[in-house]
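Student: The structure is given below, and queries will be raised subsequently.
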Amino acid sequence: MSYSVSQNLFLTTSLICALLSQLSHGQEISIPKLSDTPELTDFISPQDMKPISSLAQSMTKIESFIQRLPDDGDPASQRTEVYLGYDSTKLHAIFLAFDDEPELIRANISSRENFEGDDSVELIIDTFNAQRAAFAFRTNPVGIQWDARWTEGSSFRGGFDTTLEAVWDSEGRVTDHGYAVKMSIPLRSLRFPEAEDQLWRVQVGRYIARLDEQNNWPHYSISKEGRLNQTALMSGITSVAPGNNTQIIPFIFAREIDALDPDATGGPMFNQKSEQDVGLDAKFIFNDAIVLDLTLNPDFSQVESDQPQVTLNERFEVQFPERRPFFVENADFFATDSNLVFTRRIVDPEGGIRLTGKAGDYGFGAIMINDEAPGLNRDADDPLDGEKANIAILRGFRDFSAQNRVGFLVTDRELGNGYNRVGSLDGRFKLNANWVTQMQTVATESEHHASGEKTTGYQRNIAVNRSGRTFNNHTHYIATTKDFRTELGFANRYFKADTEGLHQRLNFNFYPDESAINSWGATFFPVYLQDMEGQKLFSQVSASAEIKFATSQFSASIADYEEILRPQDFNGLASNQSYSYDDITLRYSNTVLESLNVQASIRDGKALNVVPPSGTMPGVANTRRVSIDALWRPIDRLRVSNTYLDTQLETLSGTSIFTNRIVRSNWNYQFTREWSLRFIAQYDETDAGPATRLVDDENLNFDLLLRYVINPWSALYVGYNTNRSNFDIVDMEGERELVVANELRNDGDQFFVKFSYLFQR
């Protein structure tokens, strides 16, 4: 047999195997149209939980849940029954979660989407039967809501997007036999195609917190890549439509601010001002699946501050998540492997419009918005004084075959006489039940607003991923030219301009039978990066081991690094310098107690010091970083999230470079499902030693927020924020200057009120 023939035979066989692996062998159900709305009383009696009324008995029953974790493929340890039906306006689901030890069920009254650590049940609905995206609805045993969009690998970051914020009804009750939950989801809160007979996909799930056990029907195996390809077909829904789902959400807000203005004429001074304004969010649905969102004069004062991260001694930008509602909703629509749309680059929008939709196998999205921030607080003779950045984003994709997708993304940011334009082509291809590849090509063109200089850049990346029970793999190659620039994107070390490299993560997991250990495994993570001319920039070789029990887990890792700094990387370097260092990290988490969940880690070893005194070159230093996160529920309805970060850096001879401590405590008391009070205190301190150019820094912030939330869009917020820092204002030859001080002074107070209300038809 010739080489060409054998090669063709191999390729043909591989293709057939790949196609056969994607054939659906899932289950099918049909759900009835109900004459009335089911209630929990139709299923709960003093003696048992079961369908009592004729209405309840007419609903389609689902049972025989299978474990995904910890014992993939085994029957669930506790029995669960789900009853499904619909009427002309809503989809109804009743969960009966039986438990042999109902006193151990974990359930807390909390704010929406904040019941981690509790038992819960889940409904996943793929309304387009496309196996790409789905709606997810989840509640804990007392009916606290959580909802999200599930995206099937729009990038390797695919998964849950918890910004759905749908309006639906839920109720839960703990009984002597377990607990029962009702979900009633308005059809107008969903998107689905125009068709007389609907064919959807469905998956239901249950999480048992004390056992860390995840159960599903149909079986959602960790041995296969993907989730929606493991759902069941659901028929029976006929003659329905979401209707005219128009949402108008006007809001009013007022604030009083007394804050330090460091850019005031004559030098820093305190300014007091009052602001009153109105704004509008609106949503319009066309042809069942096309959504138009508008925002005018958005206000984000009620958005919770970022979780603390250590940003000192970092050569690369630290990514903070987006929290503002207009930007986070449908963010997965614009997600690609290379993060080209990082909306935190849009600082102060005046208004915006977003259009997203899906028609058959085609999806599209567009955003037009401005940003007032670039032109604020500039001198009158600055050419950018008062200028707004105008931003446009366009996304399109086509789905085909079994979970494959090709798409494009275009972004444009115009500021003054300059611009940054980005064009991208991307694809995701499922090779078989376990393997997926993703690839992307990006081109950029930029013109600086002042010099008029034009530059072009390119990036290509390809990833090959495997998901399975025992073996997982992520191999990623990325190459980016020197003049690549994306002003709306975010680039970590791997995606930086003038960087080419490969990183790979190999993970092995094992699941012992009849053992207290749920699983154990090992991970290997090698990295090699160079510039586009072949000069080595960075390498890493790390290995870790992990042991998981039902309510705790422990891991240990060791890593060795080599980093090369070039003269363009650090001012003062005359030639390339190489630095080698290593570290060890230990991590531990425990959820044994319902009232206390703890995660802790410690990293010890060496690091590269890139904040030496002025005129001094970088060097290897000793480092230690301690991180502790604790979720504490001391009493019913009170939830306390605490974070402690301690980072120390010193020279090899023992001289202090800096010590940074961050303490954050978030207290939330839930009076009712609607009323809650949140208090956040955060203290951030940096003690600069003699071996750094950093200066002492100290900051203390208090944030108080009273919330009345009817639904995600109808709410009243009353808030107060105050901040203290170590500064002083001194008079220097008639000019005020800001200097570092040893005592904390108040540098800003804010009081605000915001009210919004959803008008829906």
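The values are calculated or read from the model by the stated rules, or taken from the named source; none is laboratory data. These figures come from a predicted structure and were not determined experimentally. Using ideal geometry, Cβ is built from the backbone for each residue, glycine included, and neighbour counts are taken over all protein chains shown.
Student: Provide a single number: the residues in segment 189-210 that are crowded, with 19+ Cβ neighbours inside 10 Å and farther than 20 Å from Leu233 by Cβ.
Tutor: Total meeting the criteria: 5.
Student: Out of the residues in segment 238-282 that are among the hydroxyl-bearing types (Ser, Thr, Tyr) and farther than 30 Å from Leu34 by Cα, state the one that is farthest from the chain's Cα centre (by Cα).
Tutor: Result: Thr265.
Student: Which pairs do you get when a residue that is outside any strand (DSSP E or B), found in segment 662-682, comes within reach of a residue that is aromatic (Phe, Trp, Tyr), reach meaning Cβ atoms under 9 angstrom, with the pair 6+ apart or on two chains?
Tutor: Glu674/Tyr708
Student: I'd like the full set of residues that are part of a strand (DSSP E or B), among the charged types (D, E, K, R) and over 30 Å from the mean Cα position of the chain (by Cα), limited to segment 174-202.
Tutor: Asp197
Student: Can you pull out every residue in segment 554-576 that is at pLDDT below 95, of a type in the set (S, T, N, Q) and in contact with a strand residue (DSSP E or B) (Cβ under 7 Å, 6 or more places away or on another chain)?
Tutor: Hit for segment 554-576 is Asn576, nothing else.
Student: Considering only segment 244-276, how many residues are modelled with pLDDT of 75 or more and polar (S, T, N, Q)?
Tutor: Result for segment 244-276: 6.
Student: Taking the options Phe137, Phe192, name whichever one is farther than 30 Å from His476 by Cα and in contact with a Pro (Cβ under 8 Å, 6 or more places away or on another chain).
Tutor: Phe192
Student: If you don't mind, another one. Tell me whether segment 566-581 contains one or more residues that are in contact with a Ser or Thr (Cβ under 8 Å, 6 or more places away or on another chain), more than 20 Å from Phe316 (Cα to Cα) and of a type in the set (Ser, Thr, Tyr).
Tutor: Among the residues of segment 566-581, not one is in contact with a Ser or Thr (Cβ under 8 Å, 6 or more places away or on another chain), more than 20 Å from Phe316 (Cα to Cα) and of a type in the set (Ser, Thr, Tyr), which makes the answer no.
Student: Another question about this same structure. Can Phe95 be described as aromatic (Phe, Trp, Tyr), at pLDDT below 95, surrounded by 19 or more Cβ atoms within 10 Å (Cβ to Cβ) and in contact with a Ser or Thr (Cβ under 8 Å, 6 or more places away or on another chain)?
Tutor: Judged against the criteria, Phe95 is not a match.
Student: Still on this model: For segment 270-294, give me each residue that is in a strand (DSSP E or B), in contact with an Asp or Glu (Cβ under 6 Å, 6 or more places away or on another chain) and farther than 30 Å from Leu260 by Cβ.
Tutor: Result: Lys283, single match.
Student: Still on this structure: Among the residues of segment 318-326, are any within 14 Å of the chain's Cα centre (by Cα), among the hydrophobic types (A, V, I, L, M, F, W, C) and at pLDDT below 85?
Tutor: Looking for residues that are within 14 Å of the chain's Cα centre (by Cα), among the hydrophobic types (A, V, I, L, M, F, W, C) and at pLDDT below 85, one finds at least one in segment 318-326, hence yes.
Student: How many residues are modelled with pLDDT under 95 and aliphatic (A, V, I, L, M) when one looks only at segment 23-43?
Tutor: 1
Student: State which residue pairs qualify: first residue outside any strand (DSSP E or B) and inside segment 358-371, second residue modelled with pLDDT of 90 or more in any location, beta carbons under 8 Å apart, and separation of 6 or more residues or different chains.
Tutor: Asp361/Arg398
Student: Does Asn287 count as within 25 Å of Gly396 (Cα to Cα) and either out of contact with any strand residue (DSSP E or B) (no Cβ under 8 Å at 6 or more places or on another chain) or loosely packed, with under 15 Cβ neighbours inside 10 Å (or both)?
Tutor: yes
Student: Something else: Kindly list, by first and then second residue, each pair from a residue in segment 252-266 that is in contact (Cβ under 8 Å) with a residue 24 or more places away in the chain to a residue that is part of a strand (DSSP E or B) and among the β-branched types (Val, Ile, Thr), limited to pairs with Cβ atoms under 7 Å and residues at least 6 apart or on different chains.
Tutor: Within 7 Å, the pairs are Ile252/Val278; Phe253/Val753; Ala254/Val753.
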